[in-house]
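*Asks:* Below: one structure in structure tokens.
The values are calculated or read from the model by the stated rules, or taken from the named source; none is laboratory data. In this text, all values refer to a predicted model and were calculated from it rather than measured experimentally. Neighbour counts run over all protein chains shown; Cβ positions are idealised from the backbone, glycine included.
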């Protein structure tokens, strides 16, 4: 159930929640937004390794009634009497709601956004809002409309399978209050911009053959358990792991497992990293082991683990400064060739462990790591399950169809990118179940690209499409909502 038109209740909740910002709690207010945030590392269920969830009542502009009630209960129980001036200081709330709760439409169907602005429990009827409409992340139109008692209604249509995002701004005493929401037309008809190269399969067979000729030579250095795992109740061990890989590009990871497990008794999990220059997460590896699994968390770029921050900053401003495009002039030299081969090697290591049950090998990640997880399933048929939250590497050449694409790649890079696009790997996933999450206001890993990859899957699959989902803020409450979920064995 969605709360459609009660800005008084929304504003009251926000003014009460403003006071919570003074406490050392995970509920706080800034820039007109009420945010409930929780962060966790190393999850083995369907979400990012590092994730957060938020209730937004400003920057994002649609709210689920159950979330609102949670805010109200906490606010009123902790602060039964708040001063009137606290409410007066509250920022306005911009609330946008599409007329389809799940944000899914048919091509050519009228889409209606209802926009209201309120402050301190009062619906604002003076002033104006400005809005932009963006199709597949590219601005298509804009406008200005006066506020009214019934709110502002903006209508539009999509003439092709695509996403539509509305971004609204309201000026309050010199401060810009923003809101946005996304919808999508015929999501399961979206196709990639570019087909796979003719020699795509042969190219990757060659790389895997070259990798197979190199011994893993594992080097395992015992490391201390993360403090939160010391009393897990399950005896664990954790190692800094190095594996030899293609062209001397080593794997650097953390490997953790339960002690004294019986042969062929444990499932395995590989956590893949989001973007950026950083070491692997020992905590994430330990979290998997705590769930009675063989567990690896690897870093993408073969850098050392557990170093001081200045080490990673030096790489990010030095040799790995342009990590998104290093060697992009040729498929044989593109930086992500070695990234992909590292994750294949990590899978080989897990599968070689005597404790592996020979059946369950989960690959999971968020953003860059989610895209890598999809690629991993296409490269190695031992993968049994893929959990991809907001995946990158999907439809990398979307710009050819005037779509916003991941990391804003552009011509003439499509020749190389076609070899690395997850869209071209996913048809090879035959033995795995695939779970995908995507947000319709995600500008880092745009939804149109994610759907282009999802639609090429021919294995059992499920996707959750969240109208308010940005990058890294998919709400667990939304992810459990059946209206946002779609499952299929194939399309």
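*Asks:* Taking the condition in contact with a helix residue (DSSP H, G or I) (Cβ under 6 Å, 6 or more places away or on another chain) and touching a residue at least 60 places away in the same chain (Cβ under 8 Å), does residue 243 pass?
*Replies:* yes
*Asks:* Which residues, taken from the stretch 117-130, are under 17 Å from residue 174 (Cα atoms) and assigned to a strand (DSSP E or B)?
*Replies:* 117, 118, 119, 128, 129, 130
*Asks:* Would you call residue 429 touching a helix residue (DSSP H, G or I) at 6+ places or on another chain (Cβ under 6 Å), buried (at least 24 other Cβ atoms within 10 Å of the Cβ) and at pLDDT below 95?
*Replies:* Against the criterion (touching a helix residue (DSSP H, G or I) at 6+ places or on another chain (Cβ under 6 Å), buried (at least 24 other Cβ atoms within 10 Å of the Cβ) and at pLDDT below 95), residue 429 does not qualify.
*Asks:* On to the next question. Take the residues in the stretch 395-416 that are under 21 Å from residue 327 (Cβ atoms) and over 21 Å from the mean Cα position of the chain (by Cα); name whichever of them is surrounded by the most Cβ atoms within 10 Å (Cβ to Cβ).
*Replies:* 416
*Asks:* Being part of a helix (DSSP H, G or I), within 21 Å of the chain's Cα centre (by Cα) and either in the same structural domain as residue 257 (by TED's automatic domain parsing) or surrounded by 23 or more Cβ atoms within 10 Å (Cβ to Cβ) (or both) is the requirement here; does residue 372 meet it?
*Replies:* In short, yes.
*Asks:* When you look at residue 487, is it touching a strand residue (DSSP E or B) at 6+ places or on another chain (Cβ under 7 Å), modelled with pLDDT under 95, more than 27 Å from residue 179 (Cβ to Cβ) and surrounded by fewer than 24 Cβ atoms within 10 Å (Cβ to Cβ), yes or no?
*Replies:* Yes: the conditions hold for residue 487.
*Asks:* If I filter the stretch 180-198 down to residues being assigned to a loop (DSSP other than H, G, I, E, B) and touching a helix residue (DSSP H, G or I) at 6+ places or on another chain (Cβ under 9 Å), which single residue comes out as surrounded by the fewest Cβ atoms within 10 Å (Cβ to Cβ)?
*Replies:* So, considering only residues that are assigned to a loop (DSSP other than H, G, I, E, B) and touching a helix residue (DSSP H, G or I) at 6+ places or on another chain (Cβ under 9 Å), the one surrounded by the fewest Cβ atoms within 10 Å (Cβ to Cβ) is 195.
*Asks:* Would you mention how many residues in the stretch 201-238 are touching a strand residue (DSSP E or B) at 6+ places or on another chain (Cβ under 9 Å), modelled with pLDDT of 95 or more and assigned to a loop (DSSP other than H, G, I, E, B)?
*Replies:* 3
*Asks:* Just to be sure I understand, how many residues within the stretch 296-322 are closer than 23 Å to residue 377 by Cβ and free of Cβ contacts under 8 Å to residues at least 60 places away in the same chain?
*Replies:* Residues in the stretch 296-322 being closer than 23 Å to residue 377 by Cβ and free of Cβ contacts under 8 Å to residues at least 60 places away in the same chain: 5 in total.
*Asks:* Checking residue 349 against (1) more than 19 Å from the chain's Cα centre (by Cα); (2) surrounded by 24 or more Cβ atoms within 10 Å (Cβ to Cβ), which test does it fail?
*Replies:* (2)
*Asks:* Tell me which residues, restricted to the stretch 375-393, are within 14 Å of the chain's Cα centre (by Cα) and part of a loop (DSSP other than H, G, I, E, B).
*Replies:* Listed by number, the residues that qualify are 390, 391, 392, 393.
*Asks:* Scan the stretch 325-342 and give yes if some residue there is within 23 Å of the chain's Cα centre (by Cα), closer than 26 Å to residue 222 by Cβ, surrounded by fewer than 22 Cβ atoms within 10 Å (Cβ to Cβ) and in the same structural domain as residue 221 (by TED's automatic domain parsing), otherwise no.
*Replies:* no
*Asks:* Which number in (1) touching a helix residue (DSSP H, G or I) at 6+ places or on another chain (Cβ under 8 Å); (2) crowded, with 20+ Cβ neighbours inside 10 Å; (3) in a loop (DSSP other than H, G, I, E, B) marks the one condition that residue 473 misses?
*Replies:* (1)
*Asks:* Go through the stretch 137-179 residue by residue and tally those that are assigned to a loop (DSSP other than H, G, I, E, B) and over 24 Å from residue 104 (Cβ atoms).
*Replies:* Here the count works out to 6.
*Asks:* Give the residue that is modelled with the lowest pLDDT, with candidates limited to residues of the stretch 88-111 that are surrounded by fewer than 21 Cβ atoms within 10 Å (Cβ to Cβ) and more than 23 Å from residue 482 (Cβ to Cβ).
*Replies:* The qualifying residue modelled with the lowest pLDDT is 88.
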